[in-house]
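Have a look at the structure below before the remarks.
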Amino acid sequence: MSNWLRCFRPDPDAGARLLCFPHAGGSASGYYPLSAEVAGTAETLIVQYPGRQDRLAEPFAVRLGEVVDAVLATLPTSGGRPLVIFGHSMGALLAFETARRLTAEGRSPAALLVSGCEAPSLPRPARTAGPPDDEDLIREMRLLSGTDEQLLADPEILRLALPPLRADYAMLAARTHVPGPPLRCPVVALSGDSDPRVSVEGARAWQRETVSTFELRVLSGGHFFLGDHLDRVAELVAGYASGRAARTSD
């Protein structure tokens, strides 16, 4: 496995692969619970961005395209297994760009699952327009409720957490959406019903990005709602990997 990809549960006999992209400031370990939930259905590969955990000494990525290039260069051949791509928040944009590249190369994924992110064609919020200071980042972390309040008061934790988050926000600020051919795979958008940053309509706008089927799943919770709904995500992965995805909407 390359420096860019982690596989906590190797399973060459699984019927599919799941490729996951973490959120801004996130790391591969955050997807360990999901990899356990889909075990037996899909072998999970998780992107590890530079500048965190076991890649702490490496410089941060500067462009989203740099991450996509590196992942595609090291992604193992499918071996005939369908590939489902999943991303949360910033990871959803990276998952989308990866799906676009694979589609252009004639290797369309089985499905794209995007979570906690408005559609890429919509204007990015002004908060990513400039380099945020520490207090800006802490306020954002508190708003999104993705970090325990005790950790936000720990200087050592913040020393490790803030630099990758700032770097990832800089990547988001530098991103320019380039319209292109729509995807040919199904797209599923997941959104928390009390997410302060992602509206239901913003999530619904992902429908524009594919000529295939589209589902919008609105689940209970805020921006980091996934932890309470891993079983639903695993069900979606299994359905789309096997081609028998349920067409019921919530």
*Mind checking which helices (runs of 4 or more DSSP H) fall wholly inside region 155-250 and carry at least 2 residues that are within 30 Å of ALA57 (Cα to Cα) and over 17 Å from the mean Cα position of the chain (by Cα)?*
155-174
*Could you tell me which residue of region 199-250 is farthest from ARG124 (Cα to Cα), considering only residues that are basic (Lys, Arg) and at pLDDT below 95?*
ARG244
_Residues being at pLDDT 95 or above and either in contact with a Leu (Cβ under 7 Å, 6 or more places away or on another chain) or crowded, with 16+ Cβ neighbours inside 10 Å (or both) - total across region 169-191_ = 8
*Here are some residues: LEU152, LEU122, LEU144. Which one is surrounded by fewer than 18 Cβ atoms within 10 Å (Cβ to Cβ) and modelled with pLDDT of 80 or more?*
LEU122
*Across region 13-62, which residue is modelled with the lowest pLDDT among those that are among the polar types (S, T, N, Q) and on the phi < 0 side of the Ramachandran plot?*
THR41
*So is SER194 polar (S, T, N, Q) and modelled with pLDDT of 90 or more or not?*
yes
*Out of the residues in region 16-73 that are under 18 Å from LEU226 (Cα atoms) and aromatic (Phe, Trp, Tyr), which is surrounded by the fewest Cβ atoms within 10 Å (Cβ to Cβ)?*
TYR32
_Please pick out the residue among VAL198, VAL211, VAL218 that is of a type in the set (A, V, I, L, M) and farther than 20 Å from LEU94 by Cα._
VAL218
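The values are calculated or read from the model by the stated rules, or taken from the named source; none is laboratory data. Note that this is a predicted model, so its numbers are computed, not measured. Here Cβ is always computed from backbone atoms with ideal geometry, including for glycine, and neighbour counts include all displayed protein chains.
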